[in-house]
Structures are given as C-alpha cells and as structure tokens.
1. Look at region 57-75 and say how many of its residues are within 28 Å of Thr28 (Cα to Cα), touching a Lys or Arg at 6+ places or on another chain (Cβ under 8 Å) and of a type outside the set (Gly, Ala, Ser).
2. Quick one: Ser58 ticks every box in (1) at pLDDT below 95; (2) within 15 Å of the chain's Cα centre (by Cα) except a single one, so which number is it?
3. Within region 34-68, how many residues are out of contact with any Pro (no Cβ under 8 Å at 6 or more places or on another chain), over 14 Å from Val109 (Cβ atoms), assigned to a strand (DSSP E or B) and not small (Gly, Ala, Ser)?
4. Out of the residues in region 69-79 meeting the condition of being assigned to a helix (DSSP H, G or I) and open to solvent by 60 Å² or more (accessible area, probe 1.4 Å), tell me which one is farthest from Gln46 (Cα to Cα).
5. Return yes or no: is Ala29 surrounded by 17 or more Cβ atoms within 10 Å (Cβ to Cβ) and touching a residue at least 12 places away in the same chain (Cβ under 8 Å)?
6. Working carefully through the options Glu82, Glu86, find the one that is open to solvent by 80 Å² or more (accessible area, probe 1.4 Å), modelled with pLDDT of 95 or more and either out of contact with any helix residue (DSSP H, G or I) (no Cβ under 6 Å at 6 or more places or on another chain) or part of a helix (DSSP H, G or I) (or both).
7. Show the residue pairs meeting these rules: Cβ distance below 6 Å; 6+ apart or different chains; first residue within region 9-24 and part of a loop (DSSP other than H, G, I, E, B); second residue open to solvent by 60 Å² or more (accessible area, probe 1.4 Å).
8. Return the residues of region 106-122 that are within 11 Å of the chain's Cα centre (by Cα) and either surrounded by fewer than 17 Cβ atoms within 10 Å (Cβ to Cβ) or among the hydrophobic types (A, V, I, L, M, F, W, C) (or both); say none if nothing qualifies.
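The values are calculated or read from the model by the stated rules, or taken from the named source; none is laboratory data. Treat the numbers as computed from the prediction; the structure is a model and nothing was measured. We place every Cβ from the backbone using ideal geometry, glycine too, and count neighbours over all the protein chains shown. Areas reflect the complete protein model, heavy atoms only, side chains present, ligands, DNA and RNA absent. Shrake-Rupley method; radii C 1.70, N 1.55, O 1.52, S 1.80 Å.
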Amino acid sequence: MAVSIKGKGKYVARKRRHLRLRKKVTGTAARPRLVVTRSNRHIVAQVIDDTVGHTLASASSLEVELREDSGDKSAKARRVGELVAERAKAAGVDTVVFDRGGNQYHGRVAAVAEGARESGLTL
C-alpha cells in the first residue's frame, strides 16, 4: 500500500521524510526504536517496540526535573537523551535503532543521541 503525502510546507516535507525513513527503520524486541519528536520549544524521546506497539521508556523536556534545568535547548535535549537511556537500561534495553523523525541529524536531535550514548545506550 503506497501512502502519499501531498502539499507544500515544512510540516509536509518532514512527514514525507519520516515516512521514507520508516520504510527502513523498525523496532524489534531485541533492538527497539528510539524516536525523537521535536517542537520549537520541547523535545520528546521514546523507546518503542514496534512488534507489539509498546513504549518501553520515555523522557521529555516537559518533565518537572528537566523544566527546572537552566541552559539552552541543546543542553536540555542532551539531558533528555541521558534520562531516556537510563530508563531504557532499567527496562532491559541495551541497543536501539535511532529514528530521527524526519528531522536533520543536527542540533537538538543529535544532542539526544549523544546523551543516550554517553549514558551507555548503543545506537
């Protein structure tokens, strides 16, 4: 089944890139998917097992302990990566496949990945 997203604009282009990326990237029980969702203000990371459709661990810059952190958005994104890695390790996950969500691997998206790697998660 072919899915087509038509139209112009940044949102539509990101959705198209994400669909193209998701053709290749899937999460299994052995290697779940680390999804990064970015807005202008916040960032969310989830570890998802696509075979059963369950979220194993998640972290967000909206959480109370991260809202109180001072610093720029990239520092908060790195902290989100560290936090999701700690929670994934507690859930028994050591390796993940990275899903950048159609965003460029740059800036805050890369900071989440670096934070997760520093905390011991293998991407």
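1. As a first pass, look at region 57-75 and keep what is within 28 Å of Thr28 (Cα to Cα): 57-63.
If we keep only those that are touching a Lys or Arg at 6+ places or on another chain (Cβ under 8 Å) as well, we get 57-59, 61.
When the remaining residues are screened for being of a type outside the set (Gly, Ala, Ser), the result is none.
Final tally of qualifying residues: 0.
2. Single failed check for Ser58: (1).
3. Residues in region 34-68 being out of contact with any Pro (no Cβ under 8 Å at 6 or more places or on another chain), over 14 Å from Val109 (Cβ atoms), assigned to a strand (DSSP E or B) and not small (Gly, Ala, Ser): 2 in total.
4. Quick first cut of region 69-79, residues assigned to a helix (DSSP H, G or I) only: 73-79.
Narrowing further to those that are open to solvent by 60 Å² or more (accessible area, probe 1.4 Å): 73, 78-79.
Values: Lys73: 18, Arg78: 14, Arg79: 14 Å.
Across region 69-79, the extreme among qualifying residues is Lys73.
5. Working: surrounded by 17 or more Cβ atoms within 10 Å (Cβ to Cβ): no; touching a residue at least 12 places away in the same chain (Cβ under 8 Å): yes.
Judged against the criteria, Ala29 is not a match.
6. Values: Glu82 fails: open to solvent by 80 Å² or more (accessible area, probe 1.4 Å).
Only one candidate qualifies: Glu86.
7. Final answer for the pair search is none.
8. Taking region 106-122 as the starting set, the residues that turn out to be within 11 Å of the chain's Cα centre (by Cα) are 108-113, 116.
Result: Val109, Ala110, Ala111, Val112, Ala113, Ala116.
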